[in-house]
Amino acid sequence: MGELDTRQFLNISETLLPFASGRNLDLIGEIYGVYRLGQPTASVPASDRNFKFYVRRGTFGAIDKGRDIDVGPVYLPDPVTLKAGDDEVWFPANSSSPGNASNSTASA
């Protein structure tokens, strides 16, 4: 009986706005003509340099026989070239997950 009472209490509480979630929240919003916003895709402008490629010692050329390393735009908004003589390069990156929780601050 205790489990039945708990389930019924939870079901009733889902009809109240502060406790509603999922489909129940959508239903309450529909009653009032208010709909949830879709999740935006996390993105970053190219001017933000929020991540960096680096080597602990030496340069990028030391790990690739003196050559530049090209990083393709799989997760990056634009290709990045790691110059053989450099030891770090800042670059922007987009998240593969939607929503603001996936964003990173500039120069983090």
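Things to note:
- Selection of the range 15-60 for residues being charged (D, E, K, R), part of a loop (DSSP other than H, G, I, E, B) and at pLDDT 80 or above yields ARG36, ARG56, ARG57.
- Condition broken by ARG67, with the remaining ones in (1) in a loop (DSSP other than H, G, I, E, B); (2) modelled with pLDDT under 85 satisfied: (2)
- Pairs with Cβ under 8 Å, 6+ apart, first in the range 1-23 and closer than 19 Å to TYR35 by Cβ, second of a type in the set (Asp, Glu): ALA20/GLU14; SER21/GLU14
- The set of residues in the range 76-89 that are modelled with pLDDT under 90 and either surrounded by 11 or more Cβ atoms within 10 Å (Cβ to Cβ) or not in a loop (DSSP other than H, G, I, E, B) (or both) comprises LEU76, PRO77, PRO79, VAL80.
- The residue that is farthest from ASN94 (Cα to Cα), among those in the range 1-42 that are exposed (fewer than 10 other Cβ atoms within 10 Å of the Cβ) and among the hydroxyl-bearing types (Ser, Thr, Tyr), is TYR32.
The values are calculated or read from the model by the stated rules, or taken from the named source; none is laboratory data. The structure displayed is predicted, hence computed values, not measured ones. Virtual Cβ from ideal backbone geometry, glycine too; neighbours counted across all protein chains shown.
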